[in-house]
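What follows is one structure encoded as structure tokens, with my remarks underneath.
The values are calculated or read from the model by the stated rules, or taken from the named source; none is laboratory data. Here the structure is a predicted model, which is why all the values come from computation and not from measurement. Because the Cβ atoms are built from the backbone with ideal geometry, glycine has one as well, and the counts that use them run over all protein chains shown.
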Amino acid sequence: MSLPVLFLLLQAATTTAPQTPTASVPAWTVHLSGDIRWQQTTPAGALLVSTDGALAAVDIERGQIAWQKPELGGLPVDSVHMIEGSLLMEAAKPGLSLIFDPVTGTVLFDSRRLGLTRVVTRRVLPQTGTLLVHGQRASGPPLVALYDLATGTQRWVSESLFQQTEQKRGGLGGLMQGLVRMASAATTLEVLQAGPDVIVVHTLMGLRALDAKTGAIRWTATMPMARSGAVPHKVRLYPSLAKNDRIYVSYDDRLMAYRLADGQPLWAKPANIDGWIRDIVQHPAGIIMLPESPPPDQATGNVRIINGVVQTGLNVARFDDGAMIAAKPLRMRGTVKDALIAGDAVVLAVDAESRTFVNVLNVATATLRLEKDVKIKGQLTYAELIPAGLLYLSRSDAATNGEANIIDLSSGAPKYKDAIEGTKSSTMVHAVDGRTLYVFAAKDRHLYAVDRQDGTYRPLGGEIKLQGDEDPTVLEVRTAGIVLSSSQNVVIVGRDGQIKQQVYHPAPQLPGLLRALYRINSVRAGLYGAAASSYGDAFAQMSRQATDTTAKRLTSQMAAAYSQGGAQLTGYSTQASAMASKRFKASLATPSSVFMLTRSPDGNGNVLLQIDKDSAQPRSRVDLGKQREPVYAVDDIAGMLFLQTTAGTLAGYKL
């Protein structure tokens, strides 16, 4: 569903840290019932605080308790989590599951009302502003229910989804039907909102289209299998990005298009590949079916196994009839893990026995530009086609260091004899600025500039050594220069490679303090989930194949959707929609500061510093006292820190 949380604690190479500013004064203080156990900021902007007596939400702007739920008191932090791709939260404990709006506290779903003993599926459907839940009861058939996102009103509940629709068989066939039905009830549903009126779900019993307003089954469809009576192992549903009369369904090694109106197949036969379909890419020139290696005993088609790895075959299907462009599947060494769109072509990353191979697919002809897949070090993280060839970056893995290099597409040879190389313990941090790709190579501790046109590269300045044996975890291009940061260091480098500022603040040597620091919640990661939800399943599917350029285009579209206050968020409560829109627009700007934990200048306790990325100087400071494991969280979008000052008291600091 994951953009990861990045609250960076900075570093540098000076021997003396600059003087810290005067300690901040709390903007507000809230008293809660019971000892505070933990706190987390949600993507919608509400601050959830867990005490022994209740789960509460704090309005961070006014410093007031927005709501409390005593029945959720004392829950561990991993029992409360975001519903993937939404603004909603779920709290679960034995015998109880609550799904709620964290801003208003409105409970959308309470498992006790339906008598559910287990919640199997939860899925937000933003096109209709609803939440679909599927679960099992102690007795009776499983239920599927639909709820209004804004009010929690139950729109409908159905027991019919898992009823047998095909003719009941006798003997062993009947027994198998019963077993499949039981397994279906306990298996997470594949769910797709296919337009405003239809919800398509897949169970082990087949495809079902539900009326979004009533829950009635509109049609059922079976998927043509290679062997009669077989049940597919892996099924995924995809919206059609170009034609709104259909959906696509992949199952094992096959792909089929179904008409939304009646569930009839639109192709005479399924498209197929060698291996299982892991994902599809709907490129203007065709549907790229990305293969993965199935378990050896479940492989279908013509199976080749080399050195214990099941070989796969990729192909491209035509939109109109599902016919495959290549006469035979293009042989891949293993699982195609990534497909990065680059204009008319797609860069493929193939995993075989934890080794990475790359190639370039010409989609319109379903041909590969490189005669053989090229092995690279590490795992592919960035790739683009430039006039000089295929420019790529990889991250280190257990076997090899990450690297940056260019592959000549005519010969398959690397352009750089000595690649820009990282280390096994470091990340190949990078950033694009116009024609230049900046990369920091931890192996020789140099910053490099790669020309994205002619493919040349050069080191900028000399060695950049961070104190505390740290390597940079983030590289950013800012007005002041190129900023390298890690947990306790920050370095600002001019575009000429000269170090302008370098600061290091040693971390306290108490494990509890460091654990608290690394638990800081960044809402920025959660916003991607919220954005994907608001933009619907089409966005989620597209974003999986986003290259750097594509991601920028999608971000622009998301920003427009939020700024226009369109229908994407109307399903949520007014308060949640308004706050999510505000926070999303704020998140589009790169944070101008980072946070780091260090000792107080007078040696009496610990402080959290907010460090300006353009000057490397502290902006503000919050005293954390002498607690070995302080309870606090930082919200970089609102620019606030929340700190437990006493057992039941929370203070909010404006940074």
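Points to keep in mind about this one:
- Tally of residues being within 27 Å of the chain's Cα centre (by Cα) and among the small types (Gly, Ala, Ser) across the stretch 224-256: 3
- Test: residue in the stretch 321-328 that is of a type in the set (Val, Ile, Thr) and modelled with pLDDT under 85: no
- Check on ALA57, of a type outside the set (Asp, Glu) and part of a strand (DSSP E or B): yes
- Matching residues, the stretch 409-440, being at pLDDT 90 or above, in contact with a Leu (Cβ under 8 Å, 6 or more places away or on another chain) and not aromatic (Phe, Trp, Tyr): LEU409, GLY412, VAL429, HIS430, ALA431, LEU437, VAL439
- Qualifying residue in the stretch 494-512 (condition: at pLDDT 90 or above and either under 25 Å from LEU380 (Cβ atoms) or among the small types (Gly, Ala, Ser) (or both)): yes
- For the stretch 242-294, taking the residues that are of a type in the set (Gly, Ala, Ser) and part of a strand (DSSP E or B), the one that is nearest to GLY322 (Cα to Cα) is identified as ALA271.
- The number of residues in the stretch 101-134 being in contact with a helix residue (DSSP H, G or I) (Cβ under 9 Å, 6 or more places away or on another chain) and either aromatic (Phe, Trp, Tyr) or closer than 19 Å to ILE199 by Cα (or both) comes to 7.
- Residue satisfying condition, being surrounded by fewer than 21 Cβ atoms within 10 Å (Cβ to Cβ), aliphatic (A, V, I, L, M) and in contact with a strand residue (DSSP E or B) (Cβ under 6 Å, 6 or more places away or on another chain), within set ALA388, ALA383: ALA388
- Some residue of the stretch 109-125 being closer than 24 Å to ALA57 by Cα, in contact with a Ser or Thr (Cβ under 7 Å, 6 or more places away or on another chain) and crowded, with 21+ Cβ neighbours inside 10 Å: yes
- The stretch 243-270: number of residues that are touching a Lys or Arg at 6+ places or on another chain (Cβ under 7 Å) and more than 18 Å from ARG227 (Cβ to Cβ): 7
- Taking the numbered list (1) among the charged types (D, E, K, R); (2) surrounded by 14 or more Cβ atoms within 10 Å (Cβ to Cβ); (3) at pLDDT below 90 in turn, ASP297 passes all entries but (2).
- Checked against (1) closer than 30 Å to GLN311 by Cβ; (2) in contact with a His (Cβ under 6 Å, 6 or more places away or on another chain), ASP408 passes all but condition (2).
- Qualifying residues in the stretch 360-371 (those that are among the aliphatic types (A, V, I, L, M) and not in a loop (DSSP other than H, G, I, E, B)) - the one nearest to ALA449 (Cα to Cα): VAL360
- Tally, over the stretch 346-376, of residues that are buried (at least 21 other Cβ atoms within 10 Å of the Cβ) and either farther than 21 Å from ALA326 by Cβ or of a type in the set (Phe, Trp, Tyr) (or both): 2
- Only residues that are assigned to a strand (DSSP E or B) and either modelled with pLDDT under 90 or surrounded by fewer than 17 Cβ atoms within 10 Å (Cβ to Cβ) (or both) were counted in the stretch 70-104, giving 4.
- The number of residues in the stretch 335-369 that are over 24 Å from the mean Cα position of the chain (by Cα) and under 27 Å from ASN307 (Cα atoms) comes to 8.
- Qualifying position, being farther than 29 Å from THR128 by Cβ and in contact with a Lys or Arg (Cβ under 8 Å, 6 or more places away or on another chain), among GLY74, GLY63: GLY74
- Taking the stretch 479-496 as the range and being more than 23 Å from TYR392 (Cα to Cα) and either buried (at least 20 other Cβ atoms within 10 Å of the Cβ) or of a type in the set (Lys, Arg) (or both) as the test, the residues that pass are GLY481, SER486, SER487, GLN488, ASN489, VAL490, VAL491, ILE492, VAL493.
- Total residues in the stretch 607-655 satisfying the condition of being more than 21 Å from VAL483 (Cα to Cα), outside any strand (DSSP E or B) and of a type in the set (Val, Ile, Thr): the figure is 1.
- Here ASP245 clears all of (1) crowded, with 19+ Cβ neighbours inside 10 Å; (2) of a type outside the set (Val, Ile, Thr); (3) in contact with a Leu (Cβ under 8 Å, 6 or more places away or on another chain) except the condition numbered (1).
- Flag if LEU340 is surrounded by 24 or more Cβ atoms within 10 Å (Cβ to Cβ), at pLDDT below 90 and outside any loop (DSSP other than H, G, I, E, B): yes
- Within the stretch 451-495, the set of residues being in a loop (DSSP other than H, G, I, E, B) and at positive phi comprises GLY455, GLY461.
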